[in-house]
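Each reported figure results from applying straightforward, stated rules to the coordinates on display, with no laboratory input. Everything numeric in this text was worked out from a predicted model, so none of it was measured. Don't worry about glycine lacking a Cβ; one is built from the backbone with ideal geometry, like all the others, and counts go over all protein chains shown.
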Amino acid sequence: MITGELRNKIDKLWEEFWTGGIANPLQVIEQITFLLFARMLDMTESRNEKRAARTGKPLANPIFSKAEQELRWSNFKNLAAPLLLPLVRDKVFPHFRLLGGQGSLFAEYMKDAQLMVQKPSLLVSAINMIDALPLERTDIKGDLYEYLLSKLSQAGVNGQFRTPRHIIRFMVEMLDPKADETIADPACGTAGFLVGAAEYVLEKYTSPGGVVVEEGQKIFSGDLLSEAARKHRQRGMFHGFDFDVTMLRIAAMNLVLHGIEEPDIHYQDTLSTTFPERFRRQSQEAFDMVLANPPFKGSLDYSDVQPALLARVKTKKTELLFVTLILRMLRLGGRSATIVPDGVLFGSTNAHQALRKMLIEENQLDAVISLPAGVFKPYAGVSTAILAFTKGGRTNEVFFYDVQADGFSLDDKRDLIEANDLPTALQCWKKRDPKKYKDRTGKVFFVSAKEIADNNYDLSLNRYKETVHEEQHHEAPRTLLARMKRLETDIQHEIANLEAMLK
């Protein structure tokens, strides 16, 4: 979370845009993101130049040609206001549209990108503030997005807030993506899951000698990736969908900054009837992996929902429809880690039970990871769980883990704390063995599919967790009464002594 001085800087930057005439919160976020993107492009180019100089190899695919050096943040940030505004508006922003290549999806989403700032003084102020942000810290960009999105009036209602990075990392490590797989998010938002998976793949396929430390940060080269796998990661591995154009632009910029040359990000409501019409290949049996935290507050009109989804689960609830959609998008043997509200686990409607039965009887439900209620604070306090499942097959045993702490306080402040169950949960998951975890009084245990079916396919952890009741020993009533009489006598004696002293 953004705290202290950094939070104050972002608040001040937001206020500058607000007082400068840009009142729409999404427009403020978009404009700030464009400027962050401009700075990070320059930082990325500088890193690549240093690496090229160190290796003696020419710079491959430069972001800025020799003729475009004036478009670099480090070169224009100190320009006087009258020169700065036309340069950024008329040259830097048009350059954004060319980054993904002519005709690319990135260029498509950036074609309408424009600088909304009209006051030169506001642009100077914004650039100075962004230049002071510690963007060289690899963990700061996600926090910036998270804090900016928290300012949306609809945050937490339309689902427009980031999944915490450590939860994303946990889910990615659970699924352990491979270099030749394809990964999707049907409600990608700012592409946090796709970026998390991209970073993980790069780290996984980097040898110890391929790790470079630059400015105190580890840079993973991905030197163990074949040339085909490297191209696949850059151009074909990651796929996202969302129906908010601003979120798509942010997602596209986020992916480009993480080395994804051609982000495959599409404007699409994936629950709607138009998804299989517009994206026939992606809508069914297309992906090896789906990572998602889909919006789960709201319901849809039946006429707007894909008939294929309603045929499996007759419901208007988005949280049930998205799980059904994800199963449909996965290839046979494909796997997913998806965040759902607790109601999905124990809801008693026909649709709830039908979905859970489908997960157990027609697929392989691998795990139910219960998360503490404060994980998404300050945006939402709803209790959630991670469902990990594999398409096809049949469930035998389900891995349950009760995460009670995630390394942060569970209040609105979300301060760092020592208690953190996630590393242990991941370790147990990787070494999972139904024979080993038979004791249901702890945080981890297995439950058979038969037992779950016998309980109306209830997946709530507390349904199966056993509570140890310690026997309480109390003194006999006569003994307690005698003690009370002695105390009463002592009190009366002390009161008598006080009265004697006052005479």
Which order, highest average first, do 119-126, 269-276 follow once you tally other Cβ atoms within 10 Å for each residue and take the mean per peptide?
269-276, 119-126
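In what order do S221, S348, S370 fall by count of nearby beta-carbon atoms within 10 Å, going from fewest to most? Don't skip to the answer; put the middle values down first.
Details: S221 15, S348 9, S370 23.
Taking fewest neighbouring Cβ atoms as first place, the list is S348, S221, S370.
Quick check: residue separation of A373 and K231 times 0.36 nm, minus the Cα distance between them. What number comes out in nm? Intermediate values should be presented prior to the final figure.
Values: separation 142, 0.36 × 142 = 51.12 nm, distance 3.99 nm.
Full extension of this stretch gives 47.1 nm more.
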Determine the distance separating the Cα centre of the stretch 429-443 from the Cα centre of the stretch 390-426; give it in Å without decimals.
14
Scaled radius of gyration (Cα, divided by 2.2 N^0.38 Å) that the stretch 1-86 gives
1.38
Based on the mean of other beta carbon atoms within 10 Å per residue, what is the order of 77-90, 304-317, most packed first?
304-317, 77-90
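In the stretch 394-481, how does Rg compare with the Kirkwood Rh, expressed as the Rg/Rh ratio over alpha carbon atoms? Please report the intermediate quantities before stating the final value.
On the way: Rg = 18.5 Å, Rh = 15.9 Å.
We get a ratio of 1.16 for the stretch 394-481.
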Amide H contacts under 5 Å for F243, restricted to residues at least 5 apart in sequence or on another chain and with H modeled in the peptide plane, are Q268
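Taking every DSSP beta bridge with both residues inside the chain, roughly what % is antiparallel (nearest 5)? Intermediate values should be presented prior to the final figure.
On the way: 27 of 45 bridges.
Of the beta bridges lying entirely in the chain, close to 60 percent run antiparallel.
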At L481 and D433, where each label point lies 7 Å from the Cα along Cα→Cβ, what is the point-to-point distance in nanometres?
5.8
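Sort 24-30, 332-338 for me by packing, meaning the mean count of neighbouring Cβ atoms within 10 Å per residue, highest on top. Let's see the in-between values first.
Numbers: 24-30: 18.4, 332-338: 20.4.
Put in order of decreasing packing, that is 332-338, 24-30.
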